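First up is the structure itself, then whatever we jot down about it.
The values are calculated or read from the model by the stated rules, or taken from the named source; none is laboratory data. Predicted model, so just to flag it, every value in this text is computed and none were measured. A quick note on method: Cβ atoms are made from the backbone with ideal geometry, for glycine too, and the neighbour counts reach across all protein chains shown.
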Amino acid sequence: MSVLEIDDVSIHFGGVKALQHIALRVGEWEIVGIIGPNGAGKTTLFNCITGFYTPTSGTVRYRGKDISNLPVHARTALGLGRTFQNVGLVKNGTVLENLRTAQHLQVGYEPVSGILGAPSTFSEERRVTERAGQILELMNLEDIAHERVTDLPYGMQKRAEIAAVLATDPDVLLLDEPGSGMGPEEADELGDLLLTLRKDFALTIVMIDHHVPLVTRISDYVYCLNFGEVLAEGAPDAVRNHPEVVRAYLGEETV
């Protein structure tokens, strides 16, 4: 059974067909890459998977369960974690504060107890802080734990956002342009990090990115979208060199 299944998903906004009959499978512990030109429907697909949009037709299944109509927070609780094209963090908060906040679904006390600062919350708050510190260390971000997100370079903000999503304890990590704003060397380091995270956290990863070398190097399977449809799918190098993909997206001759 696939961890994540997208079956015949379409979504229309008025007369605009943003996605048409999308089918996608993601197996346990796979890294699946999604490429395609701007406007191809990649982020719209993520929005359908994570609950920000409800498909016009088709189903989204997580571990065999139809989650097409579940709200965002319910999908997060099931184990779907997601980053955004524009960094989805509290920009005026510190990196550590964002990781602590991200763990709110896992705390073992009632909100009123936290607001009142009840003694019963102290040990849980220590646990939350310690776990945040462990994730920052793994991500090599401990030196910026107390820096405000807004003061960080964009590439570092993206890494901090991945750390915050890891703090939600996801089973499936959906990354929307994690390599945005990074040069080739930074993107290569990000690829190594994602491979490490898959192993250390037993993660399944689905990623959208315009860094085609990054996607093809670390992905087990790749989909290319164009005009809201799947243009090609398969092994990374096969998709990268597919004549239709080259024409629609890469803008270069096949190699």
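Brief remarks follow.
- Enumeration of residues in the stretch 218-239 that are surrounded by fewer than 18 Cβ atoms within 10 Å (Cβ to Cβ), among the charged types (D, E, K, R) and either modelled with pLDDT of 95 or more or within 14 Å of the chain's Cα centre (by Cα) (or both): Asp220, Glu229
One line per residue, one yes/no per condition, for (1) among the hydroxyl-bearing types (Ser, Thr, Tyr); (2) in contact (Cβ under 8 Å) with a residue 12 or more places away in the chain:
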| site | (1), (2) |
| --- | --- |
| Phe13 | no, no |
| Val16 | no, no |
| Gln20 | no, yes |
| Asn38 | no, no |
| Gly41 | no, yes |
| Thr50 | yes, yes |
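- Among the residues of the stretch 155-174, the ones that are surrounded by fewer than 19 Cβ atoms within 10 Å (Cβ to Cβ) and not in a helix (DSSP H, G or I) come to 2 in all.
- Pairs with Cβ under 9 Å, 6+ apart, first in the stretch 241-255 and surrounded by 13 or more Cβ atoms within 10 Å (Cβ to Cβ), second part of a helix (DSSP H, G or I) and modelled with pLDDT of 90 or more: Val245/Val239; Val246/Arg240; Leu250/Arg240
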